[in-house]
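K.L.:
The structure under discussion is supplied below as C-alpha cells; questions concerning it will follow.
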Amino acid sequence: MEVLSSSSIIVFFLSVFIILCTTEALVKLPRNETIPAMLVFGDSIVDPGNNNNLNTVVKCNFPPYGRDLMGGFPTGRFSNGKIPSDFIAEELGIKELVPPYANPALQLSDLLTGVSFASSGSGYDPLTPKLASVLSLRDQLEMFKEYIGKLEGMVGEERTKNILSKSIFLVVAGSDDIANSYFVSGVRKIQYDVPAYTDLMIASASSFFKELYGLGARRIIVASAPPLGCLPSQRSLAGGIQRECAEDHNEAAKLFNTKLSSQLDSLNANFPQGKFVYVDIYKPFLDLIQNPQKSGFEVVDKGCCGTGKIEVAVLCNPSSHFTCEDASNYVFWDSYHPTEKAYKVLIGKIIHKCVDSFF
C-alpha cells in the first residue's frame, strides 16, 4: 500500500477544506470549467492590506476604514467594506475575501484559492510607486514568483501550472499614474504631454502583462482607468470654485483607456493561448456619478469621511471632523475611493460579460 507523505496529507486535507468552504458561485461557468483561484495586482482599488507594514503614508489600517467590514475591523482596504477583488472572488464562488499576500498570518489554504499582491499608490509608471514609497509592479511580480514557489512546494509543479492556467488574474492600475504622478505632483507633466505620458504607461503595462503571461497566467482581466476628474479630490484640486469634474483628467484617462484596449487586442493576437480581457470601468462609473439615483445614491461629489473633499489615507482617521452615518448614500467613501456599495454596483455591471470572455 502506498504511504502518503506528510506534505501529501496536508494538501489532501487543504483540498477537502477548500471544497467544503468554497463560497457558492453566482456566476455560472460552462460545464467542466473551473476557476480555482484569483490573483490580484495593482493599486489601492484592489489592495486588501499589503501596505500595512510598509513605511508609507499610503495606508488605511485604522478607523474609520473598514467600518462596515466584518465587525468594523480596519484591514487595510481603502473603503468602508469590501473592495472589487472581494466581490469578484465571491461572485465566482472562490471565497468571500481575497487576503493580502504580505499578511504575516496568511493561511496555506489561501495560497490555493488566491491572494492579492496589489499595493496602494502603485502604478504602471515605475516612478509612481517610488513617489509613494510603496510596492511597484516589479515588486509585485517578485512576490508572485515567491508565491509560485510556495505553491509548487505544496502541490507540485504540474498542479501549480494547472491552477495558474485556470485562475483569474486581475490587474487594476493607472489611476495613480495619471492623478498623482502627472497632475497632482506635476513631476511627469514637466517631462511629457498627455499623449507621450500615456505611451509610457502603455509600454510599461505591456511589459508587465507579458511577464505575467510568461509566469503562467492565461486568464487576465485588465481594468480601465475610471473618470478620474470626477473623484472628489480631483474636483477639489482642479475643478474650480464649483468643484466640477476636471475634464483634462478625464480626457487623459480616456486616451489611456483607448491605448490600453488596443494593446490588449495586440497581446491577444500574439499570445493566442492566453486571453487578455479589457474591462471598461469608465462608462459605468461615470453613469453612476451622473445618474446616482438609479442605484440609490444621493451624494457623488464628496466622500463619506470628513468634509469628503480632500480626506484620504492618513487624513481620513478617527480625528476627522465626522464620518457620514450611512455610507450607502455615498458613491465615495473618502475623496479618492468608492464605498462598498458603489463597488458592488459596478462589479455587478461587468462581472458576467467579463467571465464570459474566457469561455
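K.L.:
Can you find a residue that is surrounded by 18 or more Cβ atoms within 10 Å (Cβ to Cβ), within 20 Å of the chain's Cα centre (by Cα) and within 30 Å of residue 165 (Cβ to Cβ) anywhere in the range 306-317?
P.N.:
no
K.L.:
Which one is farthest from the chain's Cα centre (by Cα), of the residues in the range 129-155 that are open to solvent by 80 Å² or more (accessible area, probe 1.4 Å) and within 17 Å of residue 109 (Cα to Cα)?
P.N.:
Looking at residues that are open to solvent by 80 Å² or more (accessible area, probe 1.4 Å) and within 17 Å of residue 109 (Cα to Cα), I get 150.
K.L.:
So how many residues does the range 74-84 have that are farther than 16 Å from residue 305 by Cα and either free of Cβ contacts under 8 Å to residues at least 60 places away in the same chain or open to solvent by 10 Å² or more (accessible area, probe 1.4 Å) (or both)? Step through it out loud before you land on a result.
P.N.:
Step one: filter the range 74-84 for residues farther than 16 Å from residue 305 by Cα, giving 75, 82-84.
Then drop every residue that is not either free of Cβ contacts under 8 Å to residues at least 60 places away in the same chain or open to solvent by 10 Å² or more (accessible area, probe 1.4 Å) (or both), which leaves 75, 82, 84.
So the count comes out to 3.
K.L.:
Taking into account only those residues within the range 100-122 that are under 22 Å from residue 354 (Cα atoms) and under 11 Å from the mean Cα position of the chain (by Cα), which is surrounded by the fewest Cβ atoms within 10 Å (Cβ to Cβ)? Steps first, please.
P.N.:
Step one: filter the range 100-122 for residues under 22 Å from residue 354 (Cα atoms), giving 113-118.
Next, from what is left, pick out any that are under 11 Å from the mean Cα position of the chain (by Cα): 116-118.
Details: 116: 31, 117: 25, 118: 31.
Out of the qualifying residues, it is 117.
K.L.:
Looking for something without any contact (Cβ under 8 Å) to a residue 40 or more places away in the chain, in a helix (DSSP H, G or I) and surrounded by fewer than 20 Cβ atoms within 10 Å (Cβ to Cβ) - is there at least one such residue anywhere in the range 276-285? Don't jump to the end; show me each part of the working.
P.N.:
Going residue by residue through the range 276-285, those that are without any contact (Cβ under 8 Å) to a residue 40 or more places away in the chain are 283.
In the following step, the residues that additionally are in a helix (DSSP H, G or I) were identified as 283.
Cutting the leftovers down to surrounded by fewer than 20 Cβ atoms within 10 Å (Cβ to Cβ) gives us 283.
Checking the range 276-285: at least one residue is without any contact (Cβ under 8 Å) to a residue 40 or more places away in the chain, in a helix (DSSP H, G or I) and surrounded by fewer than 20 Cβ atoms within 10 Å (Cβ to Cβ).
K.L.:
May I pose another question? Exactly one of (1) within 26 Å of residue 202 (Cβ to Cβ); (2) among the aromatic types (Phe, Trp, Tyr); (3) open to solvent by 40 Å² or more (accessible area, probe 1.4 Å) is unmet by residue 322. Its number?
P.N.:
Tallying (1) within 26 Å of residue 202 (Cβ to Cβ); (2) among the aromatic types (Phe, Trp, Tyr); (3) open to solvent by 40 Å² or more (accessible area, probe 1.4 Å), residue 322 fails exactly one: (1).
K.L.:
Now, a different point. With (1) of a type outside the set (Gly, Ala, Ser); (2) touching a residue at least 40 places away in the same chain (Cβ under 8 Å); (3) within 13 Å of residue 343 (Cβ to Cβ); (4) in a loop (DSSP other than H, G, I, E, B) as the list, and residue 87 as the residue in question, which single condition is left unmet?
P.N.:
Unmet for residue 87, out of (1) of a type outside the set (Gly, Ala, Ser); (2) touching a residue at least 40 places away in the same chain (Cβ under 8 Å); (3) within 13 Å of residue 343 (Cβ to Cβ); (4) in a loop (DSSP other than H, G, I, E, B): (4).
K.L.:
Another question, if that's okay. Give all pairs with beta carbons closer than 7 Å in which a residue from the range 209-222 that is closer than 15 Å to residue 46 by Cβ meets a residue that is of a type in the set (Phe, Trp, Tyr) and assigned to a helix (DSSP H, G or I); count only pairs at least 6 apart in sequence or on separate chains.
P.N.:
Every condition considered, the pairs that remain are 220/209.
K.L.:
In the range 113-148, what residues are in a loop (DSSP other than H, G, I, E, B), of a type outside the set (Phe, Trp, Tyr) and either at pLDDT below 95 or over 17 Å from residue 49 (Cα atoms) (or both)?
P.N.:
125, 126
K.L.:
So for the range 342-358 (the condition being assigned to a loop (DSSP other than H, G, I, E, B), within 19 Å of the chain's Cα centre (by Cα) and within 21 Å of residue 61 (Cα to Cα)), does at least one residue qualify?
P.N.:
no
K.L.:
Against the definition (part of a helix (DSSP H, G or I), farther than 30 Å from residue 166 by Cβ, among the charged types (D, E, K, R) and touching a residue at least 60 places away in the same chain (Cβ under 8 Å)), how does residue 248 come out, yes or no?
P.N.:
Working: part of a helix (DSSP H, G or I): yes; farther than 30 Å from residue 166 by Cβ: yes; among the charged types (D, E, K, R): yes; touching a residue at least 60 places away in the same chain (Cβ under 8 Å): yes.
For residue 248, the condition - part of a helix (DSSP H, G or I), farther than 30 Å from residue 166 by Cβ, among the charged types (D, E, K, R) and touching a residue at least 60 places away in the same chain (Cβ under 8 Å) - is met.
K.L.:
Consider residue 97 against the criteria (1) of a type in the set (A, V, I, L, M); (2) part of a strand (DSSP E or B); (3) open to solvent by 30 Å² or more (accessible area, probe 1.4 Å): it satisfies all of them except one. Which criterion is unmet?
P.N.:
(2)
K.L.:
When you scan the range 325-359, how many residues do you find that are among the acidic types (Asp, Glu), in contact with a Leu (Cβ under 9 Å, 6 or more places away or on another chain) and open to solvent by 40 Å² or more (accessible area, probe 1.4 Å)?
P.N.:
1
K.L.:
Checking the conditions here, which among 61, 53 is in contact (Cβ under 8 Å) with a residue 24 or more places away in the chain and assigned to a loop (DSSP other than H, G, I, E, B)?
P.N.:
Just a single option satisfies the conditions, and that option is 53.
K.L.:
Please specify each residue of the range 312-336 satisfying the condition of being assigned to a loop (DSSP other than H, G, I, E, B) and in contact with a helix residue (DSSP H, G or I) (Cβ under 9 Å, 6 or more places away or on another chain). It would help to see each step written out before you state the result.
P.N.:
Step one: filter the range 312-336 for residues assigned to a loop (DSSP other than H, G, I, E, B), giving 312, 316-322, 324-326, 331, 333-336.
Result: 312, 331, 333, 334, 335, 336.
The values are calculated or read from the model by the stated rules, or taken from the named source; none is laboratory data. For clarity, every value in this text was computed on a predicted model and none was experimentally measured. In this analysis, Cβ positions are derived from the backbone assuming ideal geometry, glycine residues included, and neighbour counts consider all displayed protein chains. Please note that ligands, DNA and RNA were not included when accessible areas were found on the heavy atoms of the full protein model with its side chains. Shrake-Rupley method; radii C 1.70, N 1.55, O 1.52, S 1.80 Å.
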